[in-house]
Amino acid sequence: MGSSASDREEQGGGPTGLRKIIHVDMDAFFASVEQRDHPELRGKPVAVGGAGGRGVVAAASYEARKFGVRSAMPSVTASRLCPDLIFVRPRFDAYKEASRQIRAVFHHHTDLVEPLSLDEAYLDVTEDKLGIGSATRIAELIRQEIRAKTQLTASAGVSYNKFLAKLASDQNKPDGLCVIRPGEGAAFVAGLPIRRFHGVGPRAEAKMLALGIATGADLAAKDIAFLRAQFGSMADYLYRAARGVDLRPVRAHRLRKSIGGERTFSEDIDSPALLRETLANITDIVWERIVAAGGDAGPVRGRTVTLKLKFNDFSIITRSASSEAWVESREQFAATARILLEAELPLPRPIRLMGLTLSNLEGAEEAKPQRDNAQLSLL
């Protein structure tokens, strides 16, 4: 029996009913650029970020990760975990130049490129420019070309939709390739711990475990009515994800109204020092996205900076500052964010989430709505 149009859409679309999607994710990008440019750092534990009491790790090399050092971690904690950790200041110009070279490799194979940040992108190679036909072979060539042009390694996931491709790119890191072929998606997802699902943070994971949902298979066993009762608006996403279904196309050119990020904490915080550290980290990551969204034209410009705080009773406040002049530098963006936070201190109660957004944008070139905040805890 032939498949219907709706069946083909559910699988991802394309003339054969399936898309060919690649998700490319650079390996420890910021830290790897530093190790490339400074040979004395190679093979050593490196953290990109500020050292000292208020510093936060923006990125960590794999040598540092072996000690438990992670992005968004206070620098003092990272130093305690890894006494030999070497801190280097971020050099966003260097990261942007490497990103430009990497994107040129992507566009050699397809114009359907959707960047998520400087070091990560989706590619739709259903109809690739060079007529290679095999998404797996294209992913192999892309990884080879990136290494040749930048001396950096990339991991890639290949599948028939974005959700699966992103999961696959994380499967064999670093410097790895994973392919999830048609018909394999549901089985692949079934074996994953629930924490691997984008959108499932620490609190959602705890709730799921309490409900007996530990794996993708456990999630797939729940009907949509149960999921809607327990998880509200997230239910439809979870229902589809548990079956390896993702309807989203790769969007190469899409104006966005705002660019932002937010972090959900595993424990509620109200310490002013920790709040400032967290804001500094979110500022760095959001600014990276602002730079990436602008492409070769430079950072996207906006006029409104908004701070979001969700308290431990789940109430939310937002505070915004707008200017007639463009916010077009990281320094302006960070300074405005700090003013908004300082105006709220001390907080009336601990918070479980902090977010930061730049809106009223001009010149956003490429973007996507960032839904997958679970793994990175940043939108």
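Using just the helices of the chain, give the 222 nm mean residue ellipticity in deg cm²/dmol: DSSP H runs with n ≥ 4 each add -39,500 (n - 2.57), and the total is spread over all residues, rounded to 500.
Computed mean residue ellipticity for the chain: -11000 deg cm²/dmol.
Helix by helix, which DSSP H runs in the chain go 30 Å or more along their axis at the Cα atoms and have an average Kyte-Doolittle hydropathy of -0.5 or more?
Within the chain the helices that satisfy the rule are 272-294.
Averaging over all projection directions, find the projected area of the Cα convex hull of the chain and quote it in nm² with one decimal place.
Averaged projected hull area, Cα only: 19.3 nm².
Any lysines with Cα under 26 Å of the LYS308 Cα? List them, leaving off those in the same chain fewer than 8 positions away.
LYS207, LYS257, LYS368
For the range 186-246, compute Rg over Rh where Rg is the Cα radius of gyration and Rh is the Kirkwood radius from the inverse mean 1/r over Cα pairs.
Using only Cα positions, Rg/Rh for the range 186-246 is 0.90.
Which ordering of MET26, MET234 is given by a fewest-first count of other beta-carbon atoms within 10 Å?
Ordered from fewest to most neighbouring Cβ atoms within 10 Å, MET26, MET234 come out as MET234, MET26.
Every number here is computed from the coordinates shown, using simple stated rules; none is lab data. Keep in mind that this is a model prediction, so the values were computed, not measured. Note: ideal-geometry Cβ built from the backbone for every residue, glycine included; neighbour counts use all protein chains shown.
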